[in-house]
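**Student:** Submitted below is the structure of interest, expressed as structure tokens.
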Amino acid sequence: MTAASLSLPPGYEELEAFVPYWALDSNDQRRAARSTATMADIQRFYDAIVARAEQAIVHCEQFTLGQMPPASERLFKLLLAMNHAAIAVEMHGEPRAHESTWPSAVRITQGPWPHGGRI
Amino acid sequence: MSAVIEQPASTKHVIDERSFTHAAGLATGPVSVEPYRSPEFFELERERVFKRAWLCVGRVEQLPQVNGYFTKDIEIWKASVLVTRDKHDRVRAFHNVCSHRGNLVVNQSCGVAERLVCRYHNWQYRNDGELIGVPDQKHFFDLDKKTCGLTPISCEVWEGFIFLNHQRQPEVSLAEFLGPFGSRYAGIPYFNLDETIVIQADFKANWKLIADAFAEPYHVPSLHPATLAPGFAHPEENRYARPLSAMAHGIHRHFSAYGNPHYVPAPTSKVEALVYVQDTGGVLGGDDSSNAAALTAHPAINPTKDPCWSADVTWIFPNFNIDYSTGGFWTHEFWPVAHDRTHWTLKIYIPKTMSIRHRLQLEHYACRWAEVVLEDVTNCERIQRGLESGAKDTMILQDAEMLIRHSLHVLDKWVKADRVADALR
């Protein structure tokens, strides 16, 4: 693995593969990622991030919100995306609400700070 | 001997079986679905309801300082409106239209400015509506700037909520319009005003279908089985999420929603258990016990003071909800676009993010809400197709759907009444 491909803090290498798809800037983007993923992909991400969630939270708690170093911020974005994966895994048992339409007319135009995004 | 197998009544939670519908003085027969599918009825709603009623367009916190402003498109008026806080700290509203050639003056959604400039020919207005600058004025003919200000819109504030009225001289004041609702719901503490989660949807259904969706909890166990039902119904104690109370307040109305006091995230819901902070029940938002105590003490909130309470839904006629829970409050604006098109804005007021864990909870909260919205929007588009097919001319409402019946009753009065005073009776 090259230095450039290591985008998370040391010790989180097993989550590296999930960064391109799940480490996103806004709530609405994370929701869209989950809503359009296969259940198998969502489950793989869910299992990997849940296994490290408590440690990752403690890691991120070292920093002030909104002022994390880039690698830790990416890890934090994976934790944010974990909530969206949980909607599929823990609530629906499918990527989004049963028989819901997609593309959707629904948009989260303003999410909580930081990394909530604003459309 | 009955052919019906009677279930023994639950001893845990006794549901008050008084009829909300009878108590509100409403009839109980089927109701017409024409108001949901008729373009002609929609035009009546535009002229007789939305151009005569007071409509909420936002809160005073959107104008946090003197010279703050925001704009809003009100499609049912075919208008862009400008709401300002002038230098005397008064909240004012105007048509966002230049007196020169009718262009829109402000094209930003919000900002801070004492002077607002139409970029077509740089005509300048003060945020109290006065026209204060006209380039090359000497080549106009008898231009009297005093008569060429922005066109004002009647604007009044109730409990921090900004209401506008399309009538140049409103037939009734906002206080008269709100009537018994305005006095009953005065003095409620609004907390967590720091930030908002905003969820919006533009979809193919009549505006009343989505308003109706939030007016009754009867559909919660079936349409929202995973997102809401575990917190707002109970398989034995309140299987159909029957409201704790539902009442009409003049032309406005409320219902109090049941909350499952036994709710805890399922053992398999590892993320929900990890991120949620819960003190007083209810899955919508983290609870703050001191704020919650002040809210629940107010006589209008959960008026029967039922211990299994989760939230109050209030529906201010015609298209605005303020909903109160121990975790804070949220509002719905249901904006008609066409008889089969709606723009819906849900604003959830949340506290400032306090910690990493709190931020994760807010993310879960936002995405749970978006999923509820997705379920409702998908459902409303299906109902619209069902109604437009002409297969049914009426719909059948049960007692827990009293607010929908009351909404249609009031709407009918407004489209028929020539004077607003008559519509308020």
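The numbers here are math on the coordinates, done by the rules we state, and not lab data. This one's a predicted model, so the numbers in the text were calculated from it and none came from an experiment. Here the Cβ positions follow ideal geometry from the backbone for every residue, glycine too, while neighbour counts run over all protein chains shown.
**Student:** Can you tell me how much longer the chain between B:ARG385 and B:GLU34 gets when fully stretched, taken as 0.36 nm per residue apart minus their C-alpha distance, in nm with one decimal? Provide the component values of the computation, followed by the final result.
**Tutor:** Values: separation 351, 0.36 × 351 = 126.36 nm, distance 1.32 nm.
Full-extension gain reported as 125.0 nm.
**Student:** Something else about it: Could you check the spin-label model distance between A:ALA17 and B:PHE140? Points 7 Å from the Cα along Cα→Cβ, value in nm.
**Tutor:** 6.9
**Student:** Using Cα-Cα distances under 8 Å and only pairs 6 or more residues apart, what relative contact order does chain B have, in percent?
**Tutor:** Numbers: 794 pairs, mean separation 85.9, N = 425.
RCO, chain B: 20 percent.
**Student:** Can you tell me the FRET efficiency between B:GLN124 and A:VAL58 if r is taken as the Cβ-Cβ distance and R0 is 51 Å, rounded to the nearest 0.05?
**Tutor:** Details: r = 56 Å, r/R0 = 1.09.
With a Förster radius of 51 Å, E is 0.35.
**Student:** Something else: With 5 Å bins from zero, work out the P(r) of segment B:55-169 over every alpha carbon pair and list the percent per bin.
**Tutor:** Per 5 Å bin, starting at zero, the Cα-Cα P(r) for segment B:55-169 comes out as 2, 12, 24, 25, 19, 11, 5, 2, 1, 0 percent.
**Student:** Right, another one. Divide the volume of the convex hull of the Cα atoms of segment A:15-92 by its number of residues and quote the answer in cubic angstrom per residue. List each step's numbers first, then the result.
**Tutor:** Numbers: hull volume 6.7 nm³, N = 78.
Roughly 86 Å³ of hull volume per residue.
**Student:** Mean projection of the alpha-carbon convex hull of segment B:145-297 over all orientations, in nm²? Numbers along the way, then the final one.
**Tutor:** Numbers: hull surface 55.2 nm².
Reported value for the Cα convex hull: 13.8 nm².
**Student:** Pairs B:LYS204/B:LYS347; B:LYS78/B:LYS138; B:LYS72/B:LYS138; B:LYS78/B:LYS204; B:LYS78/B:LYS146: which are spaced more than 23 Å apart, C-alpha to C-alpha?
**Tutor:** Values: B:LYS204/B:LYS347 21 Å; B:LYS78/B:LYS138 34 Å; B:LYS72/B:LYS138 34 Å; B:LYS78/B:LYS204 18 Å; B:LYS78/B:LYS146 26 Å.
Beyond 23 Å between Cα atoms: B:LYS78/B:LYS138; B:LYS72/B:LYS138; B:LYS78/B:LYS146.
**Student:** Another question about this same structure. What's the local net charge at B:THR378, with K and R +1, D and E -1, over the other residues with C-beta under 13 Å away? It would help to have the intermediate numbers written out before the result.
**Tutor:** Numbers: positive: A:ARG96, B:LYS204, B:ARG382, B:ARG385; negative: A:GLU99, B:GLU371, B:GLU375, B:ASP376, B:GLU381.
Combined, the nearby Lys, Arg, Asp and Glu give -1.
**Student:** Let me ask you something else. Determine ³J(HN,Hα), in whole Hz, for all residues of segment B:307-315 in sequence, where each value follows from phi through the Karplus function 6.51 cos²θ - 1.76 cosθ + 1.60 and θ = phi - 60°; x replaces Gly and Pro.
**Tutor:** Along segment B:307-315, the couplings run x, 8, 9, 10, 6, 10, 9, 10, 10 Hz.
**Student:** So which chymotrypsin sites (Phe, Trp or Tyr not before Pro) in segment A:10-119 are both in a DSSP loop and have at most 16 other Cβ atoms within 10 Å of their Cβ? Could you put the intermediate results ahead of the total?
**Tutor:** Values: sites: A:TYR12, A:PHE18, A:TYR21, A:TRP22, A:PHE45, A:TYR46, A:PHE63, A:PHE76; in loops: A:TYR12, A:PHE63.
Here the chymotrypsin sites (Phe, Trp or Tyr not before Pro) that fit, given the DSSP loop and packing criteria, are A:PHE63.
**Student:** Related question: Which trypsin sites (Lys or Arg not before Pro) in segment B:93-135 sit in a loop by DSSP (not H, G, I, E or B) and have at most 10 other Cβ atoms within 10 Å of their own Cβ? Don't skip to the end; give the middle numbers.
**Tutor:** Details: sites: B:ARG101, B:ARG115, B:ARG119, B:ARG126; in loops: B:ARG101, B:ARG119.
In loop regions of segment B:93-135 (DSSP not H, G, I, E or B), the sparsely surrounded trypsin sites (Lys or Arg not before Pro) are B:ARG101.
**Student:** Also, I was wondering about something else. Convert each backbone phi in segment B:226-235 into a coupling constant with the Karplus relation 6.51 cos²θ - 1.76 cosθ + 1.60 (shift: θ = phi - 60°), then list the ³J(HN,Hα) values in order as whole Hz, x for Gly and Pro.
**Tutor:** The phi angles translate into 9, 6, 10, 3, x, x, 10, 8, 8, x Hz.
**Student:** Show me the trypsin sites (Lys or Arg not before Pro) within segment B:219-271 that DSSP assigns to loop and that have at most 16 other Cβ atoms within 10 Å of their Cβ. Intermediate values should be presented prior to the final figure.
**Tutor:** Working: sites: B:ARG239, B:ARG253, B:LYS270; in loops: B:ARG239.
Listed in order of number, the matching sites are B:ARG239.
**Student:** Continuing with this model, one more query. In the protein assembly as shown, if every C-alpha pair distance is counted and binned at 10 Å from zero, what percent goes to each bin?
**Tutor:** Per 10 Å bin, starting at zero, the Cα-Cα P(r) for the protein assembly as shown comes out as 3, 16, 26, 25, 17, 9, 3, 1, 0, 0 percent.
**Student:** Collect residues whose amide H, placed 1.01 Å from N in the peptide plane, falls under 5 Å from the amide H of B:VAL105; neighbours closer than 5 in sequence don't count.
**Tutor:** HN-HN under 5 Å from B:VAL105: B:VAL97, B:CYS98.
**Student:** Something else about it: With charges only on Cβ, +1 for K and R and -1 for D and E, what is the dipole size of chain B about its Cα centre, in debye, rounded to 20? If you can, show how the numbers build up before the last one.
**Tutor:** Details: 44 positive and 51 negative charges, 198 e Å.
Here the size comes out at about 960 debye.
**Student:** Using just the C-alpha positions of chain B as equal point scatterers, what log10 of I(q)/I(0) does the Debye formula give at each q in 0.06, 0.10 1/Å?
**Tutor:** At q = 0.06, 0.10 Å⁻¹ the computed log10 ratios are -0.28, -0.75.
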